[in-house]
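J.: Structure incoming, see below.
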Amino acid sequence: MTQGDGGGSPPALRTAGLGRRYGHVWALRDCTLTVPAGAVAGLVGPNGAGKTTLLQMIIGLLQPTEGQLEVFGETSHANSTDALARVSYVAQDHPLYRDFTVADMFHLGRAMNPSWDQGVATTRIDALGIPLKRKIKGLSGGQQAQVSLAMALAKRAPLLALDEPVSSLDPIARLDFMREVMAAAADTGVTVLIASHVVSELERLCDWLIVLTGGRVQLAGPVDDLLTAHQLLTVPRATRDAELPGFLIHRADSDRHSTVLVRTDPARPAAQERPGWGVEPVGFEQLVLAYLQRPPGTAADDPAQAATRPGPATKEVTR
Amino acid sequence: MFRFRLDGASGVPPYLQLVHQVRQSLLLGYLREGDRLPTVKDVAGDLAINPNTVVKAYRQLEHEGLAGGRPGQGTFITGTLSPATPDTHNILRASLEKWLREAHAAGLDDEAVTALIAVARNDMNKEKV
């Protein structure tokens, strides 16, 4: 349950310069990030940003082309049993055998996973009122998602990776699914990685955030730190980017004023000291959307790390 | 048992929403000293909210002296927030009405008054930080 105070225990996930190429195209490159054990991390990005590529390397289905990847301090090699045992995975389409019953699926899960806990699986499914004897094809989409989740949790892996798990579900089924995930996180301390493009739903779920666009990490870190490191300013239209109190992330110009989102730089004069400037804190969704709108290729490095790096502002400006 | 709610569109961070609800319920008398708050797991599973957010809210309440954890038993309300007395209400209301009349006399309409109050409150909150 507690986060980041594991007394030197390794993070759930650590990557350095991680990249994956398909032919001549890099699906993901220069990916350097850390997710502590016990965190619930949101992985956000448009389609084709590299989310699934990153997830598939983490769960051991895909071999990195370059860079390092550690899950709980152990280097992951694709298709090794060790790597597969450390991570549970729920795919977007909840792949289940349609003609199997729920009980059959659990039997299969038990046969394939040495650490399988049958009690975890059946207790969850009972509590949700899903009959064990029902065939998968007779279940609603939400129930199928719950069976996939119950199987992932019964595997008792310390990292749970969810790839767009609720994108095909109705709002109530989505809420029910996420309730189960959050209760499990509270109960077992499992680290959760959720890939999603439903930004509005992530705020309540995540304490850690990773934004990917164009195969690059745009933003990564603890949500609270990221929010306090940014400001939303209303400034006169004539204000030059260099006068801003930090790195410009997003700028919208009106006739007389501009709304800008900046990552504040302690080395520059604070916006509060400028008469006539409006300064507001940044909300979760605003922050994510601002980074998603940056053109790909503008973040050569991890901005969250750059923010803590001393030195003059570089020309990391986007318009 | 006390139950929290969450408004995803309010713009208030989720942990603060939980803190506000406990404070408000104390003011209204819905929560009293000695009441047990739901467990972190129950809140996380009920609202589909990050358990670390609930922990953070409970820590904030402990910091404010409003709640405290008892090992193995849960988190309990330990403090009270005395609601303003009717007298205080009347005094504040009288001075507010006087101010509103002045504002209207100066040509401010309701919208301008609301905007001015929001700006003033915002500035005061900033000073507190």
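The values are calculated or read from the model by the stated rules, or taken from the named source; none is laboratory data. Bear in mind that the values here come from a model prediction, so they are computed numbers and not experimental data. Here the Cβ positions follow ideal geometry from the backbone for every residue, glycine too, while neighbour counts run over all protein chains shown.
J.: Being in contact with an Asp or Glu (Cβ under 6 Å, 6 or more places away or on another chain), within 30 Å of A:Leu226 (Cβ to Cβ) and not hydroxyl-bearing (Ser, Thr, Tyr): is that true of A:Leu61 here?
T.: It is false that A:Leu61 is in contact with an Asp or Glu (Cβ under 6 Å, 6 or more places away or on another chain), within 30 Å of A:Leu226 (Cβ to Cβ) and not hydroxyl-bearing (Ser, Thr, Tyr).
J.: Shifting gears a bit: Here is a check on your reading of the model: is A:Met151 assigned by TED's automatic domain parsing to the domain that holds A:Ser200 and without any contact (Cβ under 8 Å) to a residue 24 or more places away in the chain?
T.: Criteria not met by A:Met151.
J.: Six or more apart or on different chains, Cβ atoms under 7 Å: show the pairs whose first residue is in region B:44-71 and in contact (Cβ under 8 Å) with a residue 24 or more places away in the chain and whose second is of a type in the set (Gly, Ala, Ser) and surrounded by fewer than 17 Cβ atoms within 10 Å (Cβ to Cβ).
T.: B:Leu66/B:Gly79
J.: State all residues of region A:26-61 that are surrounded by fewer than 19 Cβ atoms within 10 Å (Cβ to Cβ) and either in contact with a helix residue (DSSP H, G or I) (Cβ under 9 Å, 6 or more places away or on another chain) or not assigned by TED's automatic domain parsing to the domain that holds A:Val181 (or both); if no residue qualifies, say none.
T.: A:Thr32, A:Pro46, A:Leu61
J.: Sticking with this one: What is the residue count in region B:3-46 for residues that are more than 10 Å from chain A (Cβ to nearest Cβ) and of a type in the set (A, V, I, L, M, F, W, C)?
T.: 10
J.: State all residues of region A:226-235 that are in contact with a Phe, Trp or Tyr (Cβ under 8 Å, 6 or more places away or on another chain) and either under 22 Å from A:Ala186 (Cβ atoms) or in a strand (DSSP E or B) (or both); if no residue qualifies, say none.
T.: A:Leu233, A:Thr234, A:Val235, listed by residue number.
J.: Checking the condition in contact (Cβ under 8 Å) with a residue 12 or more places away in the chain, farther than 30 Å from B:Asp7 by Cβ and of a type outside the set (Asp, Glu), which residue from A:Thr239, A:Thr259, A:Thr234, A:Thr213 passes?
T.: Answer to the selection: A:Thr239.
J.: Assess whether A:Ile249 counts as being crowded, with 20+ Cβ neighbours inside 10 Å, part of a strand (DSSP E or B) and under 13 Å from the mean Cα position of the chain (by Cα).
T.: No, not satisfied.
J.: Report whether or not A:Gly221 is over 30 Å from A:Thr53 (Cβ atoms), surrounded by 17 or more Cβ atoms within 10 Å (Cβ to Cβ) and either more than 14 Å from chain B (Cβ to nearest Cβ) or at pLDDT 85 or above (or both).
T.: Judged against the criteria, A:Gly221 is not a match.
J.: Could you say whether any residue in region A:172-180 is facing another protein chain (nearest Cβ under 8 Å), part of a loop (DSSP other than H, G, I, E, B) and in contact with a helix residue (DSSP H, G or I) (Cβ under 9 Å, 6 or more places away or on another chain)?
T.: No, region A:172-180 has no match at all.
J.: Do we have A:Ser167 as under 26 Å from A:Gly48 (Cα atoms) and either at pLDDT 90 or above or not assigned by TED's automatic domain parsing to the domain that holds A:Thr52 (or both) here?
T.: no
J.: Another question about this same structure. Within region A:132-171, work out how many residues are over 21 Å from the mean Cα position of the chain (by Cα) and within 14 Å of chain B (Cβ to nearest Cβ).
T.: 1
J.: Okay, moving on. Taking region A:182-225, which residues are within 14 Å of the chain's Cα centre (by Cα) and assigned to a helix (DSSP H, G or I)?
T.: A:Val199, A:Ser200, A:Glu201, A:Leu202, A:Val223
J.: Please note which helices (runs of 4 or more DSSP H) are completely contained in region B:1-101 and include at least 3 residues that are within 30 Å of B:Ala112 (Cα to Cα).
T.: Because the criterion is at least 3 residues that are within 30 Å of B:Ala112 (Cα to Cα), the helices (runs of 4 or more DSSP H) in region B:1-101 that meet it are B:14-28.
J.: In region A:10-21, what residues are small (Gly, Ala, Ser) and assigned to a strand (DSSP E or B)?
T.: Scanning region A:10-21 gives A:Ala16, A:Gly17, A:Gly19.
J.: If you take the residues in region A:80-137 that are of a type in the set (Val, Ile, Thr) and farther than 21 Å from A:Pro158 by Cα, which one is surrounded by the most Cβ atoms within 10 Å (Cβ to Cβ)?
T.: A:Val102
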